[in-house]
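Have a look at the structure below, then the notes.
We did not get these values from a lab; they are worked out from the coordinates using the rules stated. Keep in mind that what you see is a predicted model, and the values were worked out from it rather than measured. We place every Cβ from the backbone using ideal geometry, glycine too, and count neighbours over all the protein chains shown.
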Amino acid sequence: MPATISQYKKQSKNQKTKQDFDSVDMMLGKAYLFEKNEHYHKALETYQEVIKTEKDNAWIYGHLGESARALGNFDLAFDSFAKAITLNPDYGWAYAQRGVAYMQIHDFNNASTDFERAEKLLTEDAWLFAMLGEAYRELNRYQESVSKFSTAIKINPDYIWAIAHRGRVYLELEEIDLALEDLNQAIKMDKDYAWAYFSRGEVYRREKKYDLALSDYNQTLKLLPDYYWAFSARGELYQATGEYEKSLTDFEKLFTVWADDPWIFSVYGESLEKLGRLEEAITFYDKALKIDKKYTWAYLRKGIVTRRLGKLSQAIQLFSEAIEQNPSYYGAYFQRGESYKDQEQYDLALDDFYKVLELNPDYHWAFQSIADVFIMLEKVPQAVEYLEKALLIEPDDLWTIDHLAWMYEKNGQFEASIETYKKSLVLDSENLVAIENLAYLMHYKTKNLQEAMTYYELFLLEKPDDYRTLASRGQLKHQLENPEGALEDLNSALQLNPTYGWAYAIRGVVYKNLRKFHQALEDYNQALEFQPEVEWVIAARGLTYYLNADFNKAEEDFIHALSINKEYGWGWGVRAAMAFFQKEFDLAFSYVSQSILYSPEDDFNFYIRSLIHKKRNNNQSFQADLVQAIQNLETRLVQFPWEWRGRLYLQYYRFLLDEDLTIGEIFTAILKENPPKYRIIELMEDELLPSLKIFPHNKRIKSALDWFRDYLDVSFQP
C-alpha cells in the first residue's frame, strides 16, 4: 500500500528522538509522493521550497521539471531540466523527460535529440526506445522509427504500446500486412485498446476496406466515446463512401473541441458541397478563412464551389489567393486553369496546366486538361501527345483511353483507335461509347464488317431503340447481302424517328437493288426533303430514274449531284454508263475520264471505258481497261470477299476478256454458292441487256444472257 501524507506525521509510542518533518529528506519524500500520486501542484510547491537550500541537486531540478511539464508549465520545465543536466550531464532520465516535454509542444527535432542522448545513458530502457521511435514517426523517419520500436519490443516483448505504434509506422511505409500483424497482436493482448482499433481502422480505410474500417472506428468510440480523432476519421470514411449526411454528423461533434482548427470547417463544407448545398458550403469555407486567412485549402474549395455556381471570375480570384499564399500549390493552379478553360481563355489555361506539371510532373489530370484544351482548339496531334502521356501515368483511366481513341480516329489512325477502344472494353465491358465507336470504325473506316456487326448487336442489346445504330446495322446487313434484315432494321429506325433522312436514303438503295424502283424513288425523295443537298443521294436517285427509263430526270439529278461535288467519281461513272447505253459515246468518254480521274481505284469506270474502246474497235485499249477493271475489283474483294455484286461482275469481266471461255465455264462454280437472285438480275438487266443493244450481233453477250435466263428460268426481252 503506498504511503499517505498522514503517515509522515505519525510518531512511535516510545519516541526517543523528535522527528524533523522539515528536513530535506522528509520534504523530498513528501514531494516525490505528491508527484507519484499526480498531485503536481503540491509536488511543484514542495520541490521549489527544497531547491532554495539544495541548489546543486540535479535530481531535484529534474523532478521539479517533470512536475512543471505535467502541469503544462513548459518554460519552468525546460529551465529546470536544463539546470539538472548542467549539474549532471549524464542524467539520462532528465534528457528523456525533457524529450517528452518537447513532444508535447510538437518540437520533434529537439525531442529526438534528447531521446538519442538518453539512449546512450539508459541502454536497456524499453520505454525510451519506444519514445524515440515515436519521435522519429512524427519526423517521417519511418525506417528508423521501426528500428527503435523493434528494439523496445525486443527488450520487452509484451510492450503493447510499442507494438501498436510500430504497426502505425508500418502503415505509413505501406507495409500493410506488417501493420495489421502488429495491430492485431496489440488488440489480442488488450481487447480494450481503443487506439489500436482506431489505427487498424486507418489501415483498412487506406486499403478501401470501408466496412472493416467502420467497424474498428465504431469499436474505438464504444471504448472511448469522446475520442475525436475517431469522429474525424469516420467522417472522412463516410465522405469516401458518399454518405455525406453521416459525415456531417461526425464532423459536427468536433466544432467545439477543434473550434480554432480551420480544417474541420473546411471538411464540413466539402460534405455540404458534395450534397449540392453550395451556398452553405461557402459559409463554412468562410468560417475556416476567418480562423486562418492563409488556409489555402479553404480558398481552393471555395473557389471550386464558386466555379460550380458559374462565377468564374470570382473563382479565379480565389484560386489566385491560394497561389499567393502558397506558390507551390499545384491544385490551385489546376483549378484556375480549369476556370480559364471554361472562359475559353485557352492560353492562360495552358500556362496554369504547364505550371502544375512543373510542380508535380506525375499529375495526370493536368495532362488530360492540356489535351482537352487542344481538342477544343482542334489541334489533334498535340491532344494525342498529352493523352498518351496521361495514359503512361494512369494506364487504366477510362476518360483518357476513350478520348485518346477518339483523337486517333480524328487523326486518321483507325487501327490505333480500334485497339484503344478495345482496351477500354477490357476495363469496362459495358462501355457503350467504346462499343458504338468500335462498330462505327469497323463498319465505315476499316471495313471489318463482320466484327462491326458483333459490336452493333452488343450496343443494341443495351439500347434497342437507338434509331441511328439500327439504321447503321441495316446498312451493314445490306452490304452483307441481307436485304430482308436490312429492311427490318431500317423500318424500325424510321418508326422511331420518321425524320431520319439518312435511313430513307439507305432503304432506297436496298429497294433499288431489289428492283423495286418506285419504292426506292419514294425513299430518295423523302431523304432529300430532309437533306436536299447530299450528292450521293441525288446521284442514287438519278441512277434509279435511269434504270426506270426516266432519262431526263436521271440527267437532271446527275447534273445536280456533280454541281455539288464535281469530284464525285461514282457519279461521273454512272453518268458515263447512262450516256454510253444511250449511244452518246463521245460524251460517255468525257464523263468516264472524269470518273477515272477522281476514282482511279474503281472498277466500273474502267469497264465502261473498255466498252467505249470496243465500240470504237480499239481492241488493245479495250483489253487494257478491262484488265485494269479486273485488278481493281480483285483488290476490293480482298477486303470485301462477301460482296456478291463484285464477285459476279469480276467473272463477267473475265468472260468479256477471254473469248476462249464460255459463260458456263466462268459462272458454273460460283453459282453453286447460291448468290442472291437480285444480284444476277442486276447483272442481266443493267449490263447484259443494255450491252446487247449496243452490240446487237455479239454472240457472247447473247449467249450469256440466255444462259442466265435458263439458270433463273426467267425471260428478258432485249
Tell me whether the range 497-652 comes out rounded, prolate or oblate; compute the Cα gyration tensor, take square roots of the eigenvalues as a ≥ b ≥ c, and use a/c under 1.5 as the rounded threshold.
prolate
Over the range 642-718, what is the relative contact order in whole percent, taking alpha-carbon pairs under 8 Å and six or more residues apart?
29 percent
Farthest towards the positive end of the dipole of the range 161-317, among Ala194, Ala213, Leu300 and with Cβ unit charges of +1 on Lys and Arg and -1 on Asp and Glu, lies the Cα of Leu300
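In a shell of Cβ-Cβ distance under 15 Å around Ser417, excluding Ser417 itself, what net charge do Lys and Arg (+1) and Asp and Glu (-1) give? Please report the intermediate quantities before stating the final value.
Values: positive: Lys410, Lys422, Lys423, Lys445, Lys447; negative: Glu388, Asp402, Glu409, Glu415, Glu419, Glu436, Glu451.
Summing Lys/Arg as +1 and Asp/Glu as -1 gives -2.
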What is the ratio of the Cα radius of gyration of the range 478-520 to 2.2 N^0.38 Å, where N is its residue count, to two decimals?
1.06
Run the reach check for Lys693 against lysines, Cα to Cα strictly under 21 Å, same-chain hits fewer than 8 apart removed. What comes back?
Lys583, Lys614, Lys615, Lys702
What distance in nm separates the two pseudo spin-label positions at Thr123 and Thr446, each 7 Å out from Cα along the beta-carbon direction?
7.2 nm
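Let's see if you can work this out: charge +1 on each Lys and Arg Cβ, -1 on each Asp and Glu Cβ, no other charges. What is the dipole magnitude of the range 642-718 about its Cα centre, in debye to the nearest 20?
On the way: 11 positive and 13 negative charges, 19 e Å.
For the range 642-718, the charge dipole is close to 100 debye.
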Quick check: pseudo-label points 7 Å beyond the Cα along Cα→Cβ at His518 and Asp25, how many nm apart are they?
13.3 nm
What distance in nm separates the two pseudo spin-label positions at Asp90 and Ile291, each 7 Å out from Cα along the beta-carbon direction?
4.9 nm
Let me spell out the model: positive unit charges on the Cβ of Lys and Arg, negative unit charges on the Cβ of Asp and Glu, origin at the Cα centre of the range 443-537. What dipole size does that give, in debye rounded to 20?
240 debye
Answer with a single label: of (i) 93, 25, 22; (ii) 72, 26, 21; (iii) 54, 42, 27, which was calculated as semi-axes √(5λ) of the Cα gyration tensor in Å from the structure in view?
(i)
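To the nearest 20 debye, what is the magnitude of the charge dipole of the chain about its Cα centre, counting +1 on the Cβ of each Lys and Arg and -1 on the Cβ of each Asp and Glu?
On the way: 82 positive and 112 negative charges, 102 e Å.
Computed charge dipole of the chain: roughly 500 debye.
Net charge around Tyr598, counting only other residues with Cβ within less than 15 Å of its Cβ (Lys, Arg = +1; Asp, Glu = -1)?
Details: positive: Lys566, Arg575, Arg609; negative: Glu535, Glu567, Glu601, Asp602, Asp603.
That sum, taken over residues with Cβ under 15 Å, equals -2.
Return a whole-number percent for the relative contact order of the chain, with Cα pairs under 8 Å and 6 or more residues apart as the contact set. List each step's numbers first, then the result.
Values: 939 pairs, mean separation 21.9, N = 718.
Relative contact order of the chain: 3 percent.
Kindly put Thr400, Thr113 in sequence by how many other C-beta atoms sit within 10 Å of each C-beta, fewest to most.
Numbers: Thr400 26, Thr113 16.
Lowest to highest Cβ neighbour count: Thr113, Thr400.
How high is the FRET efficiency between Glu49 and Asp75 when r is their beta carbon distance and R₀ equals 22 Å, given to the nearest 0.05? Don't skip to the end; give the middle numbers.
Values: r = 20 Å, r/R0 = 0.89.
For R0 = 22 Å, the calculated efficiency reads 0.65.
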Rounded if a/c is under 1.5, else prolate if a/b beats b/c, else oblate: with a ≥ b ≥ c from the C-alpha gyration tensor eigenvalues square-rooted, which is the range 568-634?
oblate
Among Lys154/Lys209; Lys222/Lys253; Lys477/Lys512; Lys209/Lys274, the pairs whose Cα-Cα distance exceeds 24 Å are Lys154/Lys209
Radius 10 Å from Cβ of Leu661, net charge of other residues (Lys, Arg +1; Asp, Glu -1)
-2
